[in-house]
Amino acid sequence: MASLALDQPSPDPDSTLNSPDYPVDLEEIRKIVELMEEHGLSLFHLEQEGVNVKLKKAPDVEALREALGGLALTPGVPTAAPVAAPVAALPAGEEEAAAIPGKVVESPMVGTFYRKPAPDADDFVQVGDRISEGQTVCIIEAMKVMNEIKAEVSGTVSEICVEDSSSVQYGDTLFRVT
């Protein structure tokens, strides 16, 4: 439950909370906090004439720890990984990798790459697995949201280019598919 010290005066002597003509009813703020709790909202911002109310609820650390401990996924919006466009000139170390025939699955976002849905589960895909378009191939955690990454190509996974639990950037090659 969100906690606010609404009845205590502000230590700031210039604060409108110390003013007898404070334009916001504290009971209304309590109702807003209850509605935030009821609907699972973490941020509320209201700006009107003479009033600027911004309420932000801190995440429940224990719930996050429990959810991440077992990696009980709360999938975000499934994101399809784009197919790579042809690359013109590459640095010396990447020329070899680009010479490998086939298609690639790239990271559509910045985050942490996971090969499996939970620590004790099997990998989504392994080298040699046949994948089809729309199949979940990995998860990228971004801002505490687990995003299922779906393949936009069909074929056989020929290489997994990223280590499990490592950071990825937008456009990084995750898989090579032939």
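All of the numbers you see were taken from the coordinates with simple rules; none came from a lab. Please read these numbers as outputs of a predicted model, since none were measured by experiment. Don't worry about glycine lacking a Cβ; one is built from the backbone with ideal geometry, like all the others, and counts go over all protein chains shown.
For residue 131, the residues 5 or more places off, or on other chains, whose built amide H falls under 5 Å of its own are 155, 156, 157.
The phi-based Karplus calculation (6.51 cos²θ - 1.76 cosθ + 1.60; θ = phi - 60°) puts the 3J(HN,Hα) values of segment 157-173 at 5, 9, 7, 9, 8, 10, 6, 4, 6, 9, 6, 10, 10, 4, x, 4, 6 Hz, whole numbers, x for Gly and Pro. Put simply, when 38-50, 107-119 are sorted by average Cβ atoms within 10 angstrom per residue, most first, you get 107-119, 38-50.
Summing charges over all other residues whose Cβ lies under 12 Å from the Cβ of residue 132, with Lys and Arg as +1 and Asp and Glu as -1, gives -1. Between residue 154 and residue 110, the C-beta separation translates, for a Förster distance of 30 Å, into a calculated FRET efficiency of about 0.70.
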